[in-house]
Amino acid sequence: MAVYIDSEGIRWRNRLWCHLVADSLSELHDFARRLGLKRQWFQDHGAYPHYDVTMTVREKALRLGAVDADRFTIVDRSRVLRRELLAQRAVWAERNLQEEVVP
């Protein structure tokens, strides 16, 4: 399992930003926590689940073992995360339906 980070350098709010993804959601969230990121910063509503991080945080992520990744890798891993996220949401929805049915 691995965590990946690109070097996009997208300018927003006077900072340069990049994307952090992983092979699994649990690994991504664990690594993000080690970086000091808040779970609420997780970008989970778009097509590509990820954390946006500044270039300064990128350097810390690399020191902690993240893999420098190209765009293809980031998109590919994001698709895997998206499938995992959708599967989790389906399980949660099923559990909620079952709880509503039980008297």
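List of remarks:
- Answer residue from the range 66-103, given it is more than 19 Å from the chain's Cα centre (by Cα) and of a type in the set (Asp, Glu) and is modelled with the lowest pLDDT among those: Glu100
- Of everything in the range 1-57 that is in a loop (DSSP other than H, G, I, E, B) and among the aliphatic types (A, V, I, L, M), the residue that is nearest to Asp68 (Cα to Cα) is Ala2.
- The range 57-75, subset surrounded by 14 or more Cβ atoms within 10 Å (Cβ to Cβ) and of a type outside the set (A, V, I, L, M), residue nearest to Leu20 (Cα to Cα): Arg58
- Taken over the range 47-56, the criterion of being surrounded by fewer than 20 Cβ atoms within 10 Å (Cβ to Cβ) and either at pLDDT 95 or above or of a type in the set (S, T, N, Q) (or both) is satisfied by Asp52, Thr54, Met55, Thr56.
- Remark: pairs (first residue in the range 6-26, surrounded by 15 or more Cβ atoms within 10 Å (Cβ to Cβ); second residue among the acidic types (Asp, Glu) and at pLDDT below 95; Cβ separation under 8 Å; 6+ apart in sequence or on different chains) = Trp17/Glu8; Cys18/Glu8; His19/Glu8; Ser24/Glu84; Leu25/Glu84.
- Hits in the range 26-44 (condition: modelled with pLDDT of 95 or more and touching a strand residue (DSSP E or B) at 6+ places or on another chain (Cβ under 9 Å)): Glu27, Leu28, His29, Asp30, Phe31, Ala32, Leu35, Leu37, Trp41, Phe42
- Taking residues in the range 31-58 that are within 15 Å of Glu8 (Cα to Cα) and without any contact (Cβ under 8 Å) to a residue 60 or more places away in the chain, and partners anywhere that are crowded, with 17+ Cβ neighbours inside 10 Å and β-branched (Val, Ile, Thr), the pairs with Cβ atoms closer than 6 Å and at least 6 places apart or on different chains are His50/Val21; Arg58/Ile5.
The values are calculated or read from the model by the stated rules, or taken from the named source; none is laboratory data. Predicted model, so just to flag it, every value in this text is computed and none were measured. Positions of Cβ are generated from backbone atoms using ideal geometry, with glycine treated the same way; all protein chains shown enter the neighbour counts.
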